[in-house]
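What follows is a single structure, written as C-alpha cells, with notes after it.
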Amino acid sequence: MKLAQRVAAIRPSATLALSAKAKALSAKGIDVIDFGLGEPDFDTPEEVKNAAIEALRAGFTKYTAPGGIDELKAAVVEKFLRDNNLRYEKNQVIVSCGAKHSLYNLAQALFERGDEVLIPAPYWVSYPDQIRLNDATPVFIETREENHFLLTRDLLAGRITPRTKALILNSPSNPTGSAYTQKQLEELGDVLLEKRLIVISDEIYEPFVYDGFKHTSIVAARPELKDQAIVVNGVSKSHAMTGWRIGYAAGPKAIIAAMETVQSQSTSNPNSIAQKAAVAALRLDPRFTQTMVAEFDKRRRQIVERLNQIPGVTCPMPMGAFYAFPNITALQDSRWKDRPLKTANDIADYLLEEARIAVVSGDPFGAPGHLRISYAAPLPLIERGMNRMAEAVSKLKS
Ligand code: PMP
Ligand code: GLU
C-alpha cells in the first residue's frame, strides 16, 4: 500500500518514542529511570479533579462548541490579562486538545507550499514536522551555546526571505531551558514588525522560571505585534495535566476562526469534562504551581551540579522549563567495548541500554552533541540516575 508522500517526510515524535521504549523496558521488569518525557511528575490538583467529577455527575458529557466552551474561553481571557497583561476577547481564543493541537491547527490554517517558517535551533521536536505536514518548509536558525541559544535581532533578520511567513518562538525553551528577557523580545519584535512576519509564541513553560527571572510574552513586550501574533499555552505543564489534553491559543480573530474551522472538521471539541477541569485549573490558587516550580528548582540545581561532575559533560544552569541540556561533544567518538559511539543518538542509546536511564538525544532537537534530560523526577531518583550515568560514562574509551 502506498502511503501519502507527506508521511514519508516526517518521523514519530522522538520524545514520545523514547518514552514508549522506556515504558516497554519497565513493563518487562527492567529498572529504568526515566528522564525522557517532559511531563511534571506531580499529580493533578484535587480541585481540578473534583471539577471533572462534578462535570461528569452533572452529565456534561456531550459535544461542546468545537473551539471550546464559553466558560473556559472566559477563563483563558482572564489568565492572559492576569498573568501576561494581554487583553483578548473570547472570539480571539481557541481551546484545543493540547497546545500541540493548537500549534498543528495553526500550521494548517497558515502554511502552504512555498512558505518558509523560521525556527531557532535547538527547537522542540514537533515544530518542523508540523510544518512539513502542511507542505511548508522549516528554516532553522542556528543559535550559539555561548549566547544561551537565544535568537538575536541580527540572526533573525539574516534569514528572512520573500518567502518567510512566520517565526516560531518558544520561551522558556524546550529543550535548552533558555528564556528571553523583555528587552530581547522587544528587539526581535522590531524585526517582526518591520518585516510583517507572523510570530507563534509557544509559552507552555511560562511558570517554570528560576532565580527571579520574569517571563514576558513577546506580545506584551511589543503590543503593536498583536495583529500578527498568536500566543500558545496550556494546562499540561502548569497544572500537571498532560493526559487531560487541553491547550489554547489567542490571536487575531480571523486566524482563530480558521483554526476553529480546521478543528471542527478534524477533532471537534476538546473533551468536555477536561474543559471543565481546565476552568478550575486556570482559576486555581497559584500556590499549586509555585510549589511545583520550587521543587523543580531544587532538582535543577542538583542535576546540573551532578552533570558537571561527570568528565566530558558540561551543563549550563537553565533559566526555565524543566530540562537540563548538557553538552556531550567530548563523549562523541568514544567506544564501549567494540561499539563506536559517534553521535548523541548513540550515547543516548548506550545510556538506556547500559545505565538504564532514559534521556533524549539532542539530534532530533537540532542539537547534535547534546542530551535533553528532564528533571521531572524526584530528587532521590535524580541522584540514582546521575550515579548510573557517571558510572556508564566512566566505562567509555576514546
Ligand atoms: N510546546 C512545547 C515546547 C512542548 O514541550 C510541549 C510538550 N508538552 C507542547 C508544546 C505541547 O504540550 P501539550 O500538547 O501537552 O499541551
Ligand atoms: N513536550 C513533551 C516533551 O518534549 C511531551 C512529549 C511531546 O509532546 O512530544 O517531552
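The values are calculated or read from the model by the stated rules, or taken from the named source; none is laboratory data. Owing to the predicted nature of the structure, the values given are computational and were not obtained by experimental measurement. Because the Cβ atoms are built from the backbone with ideal geometry, glycine has one as well, and the counts that use them run over all protein chains shown. Accessible surface areas use protein heavy atoms only, side chains included; no ligands, DNA or RNA. Shrake-Rupley method; radii C 1.70, N 1.55, O 1.52, S 1.80 Å.
Among the residues of the range 129-155, just one is under 18 Å from Lys195 (Cβ atoms), touching a helix residue (DSSP H, G or I) at 6+ places or on another chain (Cβ under 8 Å) and among the charged types (D, E, K, R), namely Arg153.
For the range 199-252, filtering for residues that are near ligand 1 (Cβ under 10 Å from one of its atoms) and over 15 Å from Gly320 (Cβ atoms) leaves 12. Against the test of being closer than 29 Å to Ser238 by Cα and of a type in the set (D, E, K, R), the options Arg388, Arg384 yield a single qualifying residue, Arg384. Considering each residue of the range 136-143 in turn, at least one proves to be buried (at least 16 other Cβ atoms within 10 Å of the Cβ) and in a loop (DSSP other than H, G, I, E, B).
For the range 318-339, a tally of residues being free of Cβ contacts under 8 Å to residues at least 12 places away in the same chain and either at positive phi or basic (Lys, Arg) (or both) returns 2.
Taken together, Ser217, Ser238 contain a single residue that is within 16 Å of ligand 2 (Cβ to nearest atom) and open to solvent by less than 20 Å² (accessible area, probe 1.4 Å), which is Ser238. Taken over the range 144-175, the criterion of being open to solvent by less than 20 Å² (accessible area, probe 1.4 Å) and part of a loop (DSSP other than H, G, I, E, B) is satisfied by Leu150, Leu151, Ser171, Pro172, Ser173, Asn174, Pro175. Remark: Arg339 matches the filter, which requires a residue to be closer than 30 Å to Gly385 by Cα and surrounded by fewer than 20 Cβ atoms within 10 Å (Cβ to Cβ). Each residue in the range 100-135 was checked for being more than 18 Å from Pro252 (Cβ to Cβ), hydrophobic (A, V, I, L, M, F, W, C) and either within 17 Å of the chain's Cα centre (by Cα) or in a helix (DSSP H, G or I) (or both), and 6 of them qualify. From Ser236, Ser217, Ser171, Ser178, grab the single residue that is touching a residue at least 60 places away in the same chain (Cβ under 8 Å) and farther than 30 Å from Pro270 by Cα. Result: Ser178 is the single residue among Ser236, Ser217, Ser171, Ser178 that is touching a residue at least 60 places away in the same chain (Cβ under 8 Å) and farther than 30 Å from Pro270 by Cα. In the range 1-38, the qualifying residues are those that are within 16 Å of ligand 1 (Cβ to nearest atom) and of a type in the set (A, V, I, L, M), and the one that is most open to solvent (accessible area, probe 1.4 Å) is Leu16.
Here Pro45, Pro40, Pro66 are screened, and the one residue that is at pLDDT 95 or above and more than 30 Å from Asp129 (Cβ to Cβ) is Pro45. Does Val95 qualify as being closer than 30 Å to Arg153 by Cβ and surrounded by 23 or more Cβ atoms within 10 Å (Cβ to Cβ)? Taking the combined requirement at face value, the residue does not satisfy it.
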